[in-house]
1. Fewest Cβ neighbours within 10 Å first, please rank 286, 54, 234, 100 accordingly.
2. What percent do you get for the relative contact order of segment 177-281 when only Cα pairs under 8 Å and 6+ apart count?
3. Using only the Cα atoms, what convex hull volume per residue in Å³ does segment 177-281 have?
4. Please build a GNM for the chain, connecting alpha carbons under 10 Å apart, and tell me which residue among 170, 110, 248 fluctuates the most.
5. Would you mind ranking 24, 236 by Cβ crowding within 10 Å, fewest neighbours first?
6. Which of rounded, prolate, oblate describes segment 4-99, given a ≥ b ≥ c as roots of the alpha-carbon gyration tensor eigenvalues and a/c under 1.5 marking rounded, otherwise prolate only if a/b is larger than b/c?
7. At residue 68 and residue 100, where each label point lies 7 Å from the Cα along Cα→Cβ, what is the point-to-point distance in nanometres?
8. If you restrict to DSSP beta bridges whose two residues both lie in the chain, what percentage is antiparallel, to the nearest 5?
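None of the figures in this text is laboratory data; all of them are computed from the coordinates on show. Predicted model only: the values in this text are computed from it and were never measured. Cβ placement follows ideal geometry from the backbone for every residue including glycine, while neighbour counts extend to all protein chains displayed.
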């Protein structure tokens with residue numbers, strides 16, 4: 001960002017680049033010199049130097065260095081608020097100029113959990129890149145709690161999660177609903193059934209996600225609703241490992257249907273419906289509230305809101 005903002009004083013102009021405000025805003029929002037450095041592709045020392053340079057320019061202390069925790073001074077808080085206004089205006093101008101060109105280009109950064117990124121997102125990405133070949137899409141696979149953190153820290157443009165949690169600073173846009181189904185090894189006794197009563201699961205070894213994963217919390221709630229006491233014999237932090245454990249017949253599992261399409265086709269897993277009941281997991285697209293959406297970002301949301309057959 002090379003555009004500069006000029007502050008007039010009696011006989012001279014003071015030069016302050018947009019990137020200084022961006023680095024300072026990232027520092028305030030992450031409360032971490034190392035995280036701000038990573039977001040901006042510079043060293044931690046450079047972030048510290050930028051902050052001190054701004055303090056010299058404004059002749060005011062912005063950071064209270066007497067405290068162990070990161071805290072702004074009153075002047076620092078006001079400079080942060082002004083920095084956000086400047087950055088928002090700059091981003092709005094960039095977006096408007098891009099719209100005037102009528103050329104959709106740029107880079108979209110996405111943070112998402114494994115199950116969505118590997119199994120739900122690909123057909124949408126394929127369509128988006130076909131329709132807008134000048135746009136680059138970068139995807140990072142993260143645990144759910146870190147996706148929220150990425151959005152709050154502005155390190156990505158969009159996040160995709162399951163069972164979205166409302167947060168004051170984050171805008172949630174519904175994506176799709178995926179069915180939760182039972183999977184088993186083809187030789188498992190339940191594999192012969194077209195559907196099963198959920199209460200029968202108590203008699204079988206069950207494989208689950210780690211307790212802090214939203215899909216695991218939803219499955220635990222289902223068990224509580226049906227007064228089932230089921231303790232997983234194995235717990236994993238991602239869908240791929242859960243599927244591998246079921247494939248070698250270490251137990252059964254409840255997973256999103258879209259994540260096992262390939263294994264069902266190959267015959268390494270079978271899916272079983274629940275008798276008289278359907279469970280789903282809602283998926284959502286997230287971006288930080290107040291974020292200026294570029295033309296490419298707006299088109300990406302449009303594509304994700306289009307229902308694509310995944311079969």
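1. Fewest to most other Cβ atoms nearby, the residues stand as 100, 234, 54, 286.
2. Answer for segment 177-281 is 52 percent.
3. Considering the Cα atoms of segment 177-281, their hull volume per residue is 91 Å³.
4. Comparing 170, 110, 248 in the GNM, the peak value goes to 248.
5. Neighbour counts put them in this order, fewest first: 236, 24.
6. Oblate shape, in that a/c is at least 1.5 and b/c is the bigger or equal ratio.
7. Spacing of the two 7 Å Cα→Cβ label points: 5.2 nm.
8. 65
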